[in-house]
Amino acid sequence: MDLTLKSIIEGIIFVFGEEGVSLKQLSDALSIEEEHIRELLNEMIVDYRDENHGFELICVNDLYKFISKADIHDYVQRIISLTKSRQLSQSALETLAIIAYKQPITRTEIEEIRGVGCDMMLKKLQAQDLVREVGRSETAGRPILYEVTEEFLDLFKLMSLNELPNLPTYQEESSENQLFE
């Protein structure tokens with residue numbers, strides 16, 4: 001299967017999601033001059049303006065990303081309202097628990113704890129108004145910080161996060177202690 005350069009760029013931009021990807025990153029990853037990548041991106045921007053697409057390609061702060069078209073927002077909201085009444089998946093519950101106990105927390109920190117990527121899960125939880133962005137970390141790259149919302153508290157019938165159960169504390173026993181037992 002031969003991928004076209006546009007389809008490779010499209011896939012990369014999709015994977016980077018709301019964070020977006022820069023012209024330089026694309027140029028470096030594909031080993032192609034920035035000007036050629038820019039031409040392809042401009043063509044793709046025009047292509048995605050076509051009414052046959054539910055999303056478009058935009059450039060904000062020198063980052064290219066896909067966003068849904070304004071015309072479909074009502075339909076997205078309908079789905080969100082339908083899914084709010086459904087049960088949360090195990091991965092959604094794990095992600096919510098990590099955020100609730102560790103907030104504010106970055107996506108990378110969540111992924112380090114869970115051991116799996118959580119970009120799409122964060123988007124779903126934000127769409128359900130259970131998680132929100134609350135700023136940026138002062139660490140390198142200034143990643144987005146997340147916290148749970150009032151909707152989260154309502155869903156779990158909590159007055160505040162202080163009502164969350166305490167996490168058990170674990171102490172690692174040294175190998176010396178184990179030898180003498």
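Taking amide H positions as modeled 1.01 Å from N, with prolines and chain starts lacking one, the residues under 5 Å from residue 22 and 5 or more places away or on another chain are 64. For the chain, the residue among 17, 167, 130 whose Cα projects farthest onto the positive side of the dipole built from Cβ charges is 130. Between the Cα long axis of helix 34-48 and the first principal axis of the chain there is an angle of about 90°, rounded to the nearest 10. Full extension of the chain between residue 59 and residue 167 gives 34.6 nm of extra length, using 0.36 nm per residue less the Cα-Cα distance. For the chain, a crude dipole built from +1 on the beta carbon of Lys and Arg and -1 on the beta carbon of Asp and Glu, taken about the Cα centre, is about 600 debye to the nearest 20. Computed from label points 7 Å out along Cα-Cβ, the spacing between residue 76 and residue 150 is 2.3 nm.
In degrees between 0 and 90, to the nearest 10, how far off the longest principal axis of the chain does helix 73-84 point, with axes built from Cα atoms? The answer is roughly 20 degrees. Just to be sure I understand: with springs between alpha-carbon atoms less than 10 Å apart, which residue in 92, 29, 100 has the highest mean-square fluctuation in the Gaussian network model of the chain? Its mean-square fluctuation being the largest, the pick is 29. Potential lengthening of the chain between residue 93 and residue 15 amounts to 25.8 nm, from the contour at 0.36 nm per residue minus the alpha-carbon distance. Taking amide H positions as modeled 1.01 Å from N, with prolines and chain starts lacking one, the residues under 5 Å from residue 146 and 5 or more places away or on another chain are 105, 106, 134. Counted by neighbouring Cβ atoms within 10 Å, the residues 108, 4 run from fewest to most as 4, 108. Only helices enter the 222 nm calculation for the chain: every DSSP H run of n ≥ 4 contributes -39,500 (n - 2.57), and dividing by all residues gives -14000 deg cm²/dmol, rounded to 500. Across the chain, Cα-Cα distances exceeding 29 Å account for 40% of all pairs.
Spin-label model, residue 157 to residue 140: label points 7 Å out along the Cα-to-beta-carbon direction sit 4.7 nm apart.
Taking the Cβ of each residue in 120, 44, 159 as the centre, tally the other Cβ atoms inside 10 Å and list the residues starting with the fewest.
Least to most surrounded, the residues fall as 159, 120, 44.
Of all the options 126, 90, 77, the one that moves most in a Gaussian network model of the chain with Cα springs shorter than 10 angstrom is 90.
Read-outs: derived from the displayed coordinates by stated rules, not from any lab. Worth saying up front: this structure is predicted, and the values here are computed from it rather than measured. So basically every Cβ, Gly included, is an ideal-geometry build from the backbone, and we count neighbours across all protein chains shown.
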